[in-house]
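Data block below; observations after.
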């Protein structure tokens with residue numbers, strides 16, 4: 001008969017391979033014999049969060065903590081789930097608690113930084129990103145988010161350098177190419193921005209936001225026919241994107257096609273209203 005530790009290890013093997021049902025079989029078998037096994041409760045909480053059951057994940061992680069206090073990973077998981085529920089300040093508290101348990105927990109510093117950035121506390125966020133990167137320097141996403149924070153602080157040159165570091169770690173990181181290009185466009189370096197958007201699209205051809213931004217860069221370069229093609233591609237990829245319709249309107253107006261531009265603006269307003277409308281109640 002396998003021990004609890006052996007069953008947990010088997011569960012983790014299946015979990016890493018994406019065999020979630022088999023992993024859950026092992027974790028739940030542990031709980032049948034030991035309902036207060038903190039490890040099994042934690043890993044089931046991870047599965048719940050991965051499946052979008054965030055409140056269930058929070059409850060299970062808290063049960064795990066009631067069985068074994070001081071688990072930084074459990075507080076970090078709770079913070080991630082609270083973030084997905086839109087509870088930014090509560091998530092920040094959880095990440096802070098995780099770091100009280102483990103002052104060298106790089107992921108918690110990165111998650112904390114993202115919450116601080118969302119709250120507009122950019123200087124604190126930057127400090128937290130720097131701590132995360134000092135502990136774990138090979139995470140492209142942390143360099144990306146650090147760059148976004150620097151951009152929000154108006155430190156554009158440093159933001160580009162941070163995006164460059166992300167791309168050194170992952171040359172096909174579409175969002176890093178896009179973010180870098182956006183900063184260049186803000187600096188009116190349109191040719192360089194266009195090249196960056198092209199790289200973003202090469203990495204993620206279905207990214208509507210990249211096609212739209214590419215269209216704006218082309219418009220600034222007075223390449224209006226190409227700009228229209230790009231914004232229309234964005235609108236085709238995401239039929240609910242009001243910004244794509246506004247982009248179409250701007251380019252069509254620049255081309256002197258005012259009637260079509262008005263229709264695009266009307267479509268954008270319709271999409272904005274649709275997005276703002278409360279969801280219809282579900283039928284019993």
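Worth a mention:
- Residue within segment 256-267 that is at pLDDT 95 or above, within 29 Å of residue 170 (Cβ to Cβ) and touching a helix residue (DSSP H, G or I) at 6+ places or on another chain (Cβ under 6 Å) present: no
- Of the residues contained in segment 71-88, none is found to be over 28 Å from residue 46 (Cα atoms) and at pLDDT 95 or above.
- Condition met for residue 266 (loosely packed, with under 14 Cβ neighbours inside 10 Å and closer than 18 Å to residue 185 by Cα): no
- Checked against the criterion of being out of contact with any helix residue (DSSP H, G or I) (no Cβ under 6 Å at 6 or more places or on another chain), more than 23 Å from residue 215 (Cα to Cα) and surrounded by 16 or more Cβ atoms within 10 Å (Cβ to Cβ), segment 147-157 has at least one qualifying residue.
- Checking each residue in segment 143-175 for being more than 21 Å from residue 131 (Cβ to Cβ) and part of a helix (DSSP H, G or I) picks out 156, 157, 160, 167, 174, 175.
- Residue check for residue 238: surrounded by fewer than 16 Cβ atoms within 10 Å (Cβ to Cβ), touching a helix residue (DSSP H, G or I) at 6+ places or on another chain (Cβ under 9 Å) and over 19 Å from residue 194 (Cα atoms): no
Condition check ((1) within 23 Å of residue 245 (Cα to Cα); (2) in the same structural domain as residue 251 (by TED's automatic domain parsing); (3) out of contact with any strand residue (DSSP E or B) (no Cβ under 9 Å at 6 or more places or on another chain)) across all residues:
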{"position": "126", "(1), (2), (3)": "no, no, yes"}
{"position": "146", "(1), (2), (3)": "no, no, yes"}
{"position": "149", "(1), (2), (3)": "no, no, yes"}
{"position": "172", "(1), (2), (3)": "no, no, yes"}
{"position": "181", "(1), (2), (3)": "yes, no, yes"}
{"position": "187", "(1), (2), (3)": "no, no, yes"}
{"position": "196", "(1), (2), (3)": "yes, no, yes"}
{"position": "208", "(1), (2), (3)": "yes, no, yes"}
{"position": "232", "(1), (2), (3)": "yes, yes, yes"}
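The values are calculated or read from the model by the stated rules, or taken from the named source; none is laboratory data. Note that the coordinates shown come from a computational prediction; the quantities given were computed from them, not determined experimentally. Don't worry about glycine lacking a Cβ; one is built from the backbone with ideal geometry, like all the others, and counts go over all protein chains shown.
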